[in-house]
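> Provided herewith is a single structure, encoded as structure tokens, for subsequent inquiry.
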Amino acid sequence: PRDPAQAQDEIELAVEGALRPASLAEFVGQHKVRAQMQLLLEAAAMQDRPADHILLSGPPGLGKTTLAMIVAHESGRPLRLSSGPAIQHAGDLAALLSSLTPGEVLFIDEIHRMARSAEEMLYLAMEDFRIDIMVGKGAGATSIPLDLAPFTLVGATTRAGLLPNPLRDRFGFTAHLEYYEPDELEKVVERSATMLGVGVPAHARAEIARRSRGTPRIANRLLRRVRDYALVHGGADRASTGPRGGPTATQADVNAALELYDVDRIGLDRLDRAVLDALVHRFRGGPVGLSTLAVSVGEEGETIESVVEPYLVRIGFMGRTPRGRIATPDAYAHLGARHPESVLG
Ligand code: ADP
């Protein structure tokens, strides 16, 4: 018997996969990164060689995996997917690298979480397509050099700052993905709505885009929940008025569905609000250390730092100071709390 929650997760992953753009032309936004990657790929294709190694950084859900898939797809090369946490020993990496076919694209997600010993092996592999395999122990240990097929490494990380410099320096191209603008997210929603067979009028699309935390993955997820809502609550007359016989959603559906899933009117979710609430009320606006803040909301420091904080800083709700994180007047206003300085003024 399968865990129904896990089965649901797998379905969601499959749906997410189906919504992935397969080419740079279909990839919405990130104009600069797209142009840079286009050049990289075209030059490599002209010389019939694998493209330079690529490092993509930025918060989750902004398209790093999608871009890795596009690199493979556009250059007509196979793709191998792995992740930092799966590479716990140099041997894991050696096995992976030595099994690559010539020109293969190797994607390593969360590359900052790879084992140290593997990192060092990767330096040489990236530079010279060669690794040294250690055999034996102690005084009798020797290293055997092994040539690798040339490959393109695409590394992804939510925290580029955590990568050691020698590793970062070996990428020929490094891009940081930024949060998307609402009009770009509207395009993501429009494209996905067609694929999912749900009608979403312009104002409803804009509402979803506004409440997606600048993140395409969230936009797609909210769209699916809005589709569900329209399907269940829209009644028989609206159930099949969308594209390909699906439902049509209204702005009221959007509002009701997002309220049900605890997404507030500017797109903050429960965890975002818990962090803001702790910052404003428990720590009186800060400054407070990130790990203290994380413990107080019962979350991993890494999640707060790579998922929650970047967005709150981006919308001007949280500030970083040498002494810790602080809440801005806008954060107080959003929670309906009074900022200490306004008491004096
Ligand atoms: P990451 O690897 O950065 O966590 P993904 O590449 O897995 O993010 O993207 C998450 C979802 O968002 C995917 O379903 C993908 O289709 C969608 N997505 C991400 N970026 C874009 C984009 N620029 N245009 C259209 N869809 C996107």
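> Of the beta bridges DSSP finds with both residues in the chain, what % are antiparallel, to the nearest 5? Write out the running numbers ahead of the final one.
Working: 11 of 29 bridges.
Once the DSSP bridges in the chain are tallied, antiparallel ones form about 40 percent.
> Give me Ile315, Ile87 ranked fewest to most by other Cβ atoms within 10 Å of their Cβ, as a rough exposure proxy. Mind showing how you got there, number by number?
Values: Ile315 18, Ile87 25.
Least to most surrounded, the residues fall as Ile315, Ile87.
> Please go through the stretch 254-326 and write out the trypsin sites (Lys or Arg not before Pro) that DSSP classes as loop and that have at most 13 other C-beta atoms within 10 Å. Don't skip to the answer; put the middle values down first.
Details: sites: Arg265, Arg270, Arg273, Arg282, Arg284, Arg314, Arg320, Arg323, Arg325; in loops: Arg265, Arg284, Arg323.
When the trypsin sites (Lys or Arg not before Pro) of the stretch 254-326 are filtered for loop state and at most 13 Cβ neighbours within 10 Å, Arg265, Arg284, Arg323 remain.
> Glu26 to Arg244: FRET efficiency via 1/(1 + (r/R0)^6), r the Cβ-Cβ distance, R0 22 Å, to the nearest 0.05? Could the numbers behind the result be given before it?
Working: r = 19 Å, r/R0 = 0.87.
That pair, Glu26 with Arg244, gives E of 0.70.
> Measure off 7 Å from each Cα along the Cα-to-Cβ vector at Ala202 and Ile133, then give the distance between these two points in nanometres to one decimal.
6.2 nm
> Pop the C-beta distance of Val295 and Ser99 into the FRET formula with R0 = 45 Å and round what comes out to the nearest 0.05. Numbers along the way, then the final one.
Values: r = 42 Å, r/R0 = 0.93.
Once rounded, the FRET efficiency stands at 0.60.
> Given Cβ point charges of +1 (Lys, Arg) and -1 (Asp, Glu) and nothing else, what value in debye, to the nearest 20, does the dipole of the chain about its Cα centre take?
In debye, rounded to 20, the chain gives about 540.
> Go through Ala35, Leu19, Pro59 and say which Cα lies farthest out towards the positive end of the charge dipole of the stretch 16-80; charges sit on Cβ, +1 for Lys and Arg, -1 for Asp and Glu.
Looking along the dipole axis, the top candidate is Pro59.
> Also: If you stretched the chain out fully between Tyr261 and Asp52, how much longer would it get, using 0.36 nm times the residue separation minus the C-alpha to C-alpha distance? Could you put the intermediate results ahead of the total?
Values: separation 209, 0.36 × 209 = 75.24 nm, distance 4.19 nm.
Using 0.36 nm per residue and subtracting the Cα-Cα distance, I get 71.0 nm.
> Please state the relative contact order of the stretch 55-214 as a whole percent: Cα pairs under 8 Å, 6+ residues apart?
Working: 242 pairs, mean separation 44.0, N = 160.
In percent, rounded to a whole number, it is 27.
> Length gain on complete extension for the stretch Glu341 to Leu162, per 0.36 nm per residue less the alpha carbon to alpha carbon distance? Walk me through the numbers before you get to the answer.
Numbers: separation 179, 0.36 × 179 = 64.44 nm, distance 3.60 nm.
Working it through step by step, the gained length comes to 60.8 nm.
> In addition: Restricting to Cα pairs below 8 Å that are 6+ residues apart, what does the relative contact order work out to for the stretch 14-86? Please round to a whole percent. Write out the running numbers ahead of the final one.
Values: 32 pairs, mean separation 25.9, N = 73.
That works out to 35 percent.
> I need the peptides 251-263, 200-212 ranked by packing, meaning the mean over residues of other C-beta atoms within 10 angstrom, with the highest value on top. Display every interim value, and only then the final one.
Working: 251-263: 17.8, 200-212: 21.2.
Averaged packing, sorted descending, gives the order 200-212, 251-263.
> Then there's this: Could you pull out every one of the lysines with an alpha carbon less than 30 Å from that of Lys187, ignoring same-chain neighbours closer than 8 positions?
Correct list for Lys187: Lys32, Lys64.
> How high is the relative contact order of the chain, in percent, counting Cα pairs under 8 Å that sit 6 or more residues apart? It would help to have the intermediate numbers written out before the result.
On the way: 523 pairs, mean separation 47.9, N = 345.
Relative CO of the chain lands at 14 percent.
> Continuing with the same structure: Going highest first, how would you order 126-139, 53-66 by mean Cβ packing within 10 Å?
Details: 126-139: 12.3, 53-66: 22.8.
Final packing ranking: 53-66, 126-139.
> If R0 is 35 Å, what FRET efficiency do you get for Ala43 and Thr321 from their C-beta distance, rounded to 0.05?
Working: r = 44 Å, r/R0 = 1.24.
The pair Ala43/Thr321 has a calculated efficiency of 0.20.
> At what distance in nm do the modelled label points of Glu302 and Glu190 sit from each other, each positioned 7 Å from its Cα along Cα→Cβ?
Here the answer is 3.8 nm between the modelled labels.
> Then there is this: How much of the DSSP beta bridge set in the stretch 48-167 is antiparallel, as a percent to the nearest 5? It would help to have the intermediate numbers written out before the result.
Working: 6 of 19 bridges.
In the stretch 48-167, approximately 30 percent of DSSP beta bridges are antiparallel ones.
> Using a 10 Å cut-off on Cβ atoms, rank the peptides 178-189, 143-154, 330-341 from the highest mean neighbour count down. Provide the component values of the computation, followed by the final result.
Numbers: 178-189: 20.1, 143-154: 16.7, 330-341: 15.1.
Top of the packing list down: 178-189, 143-154, 330-341.
Every number in this text was worked out from the coordinates using simple rules, so none of it is lab data. As the structure is a computational prediction, the values presented were derived from the model and not from experiment. Using ideal geometry, Cβ is built from the backbone for each residue, glycine included, and neighbour counts are taken over all protein chains shown.
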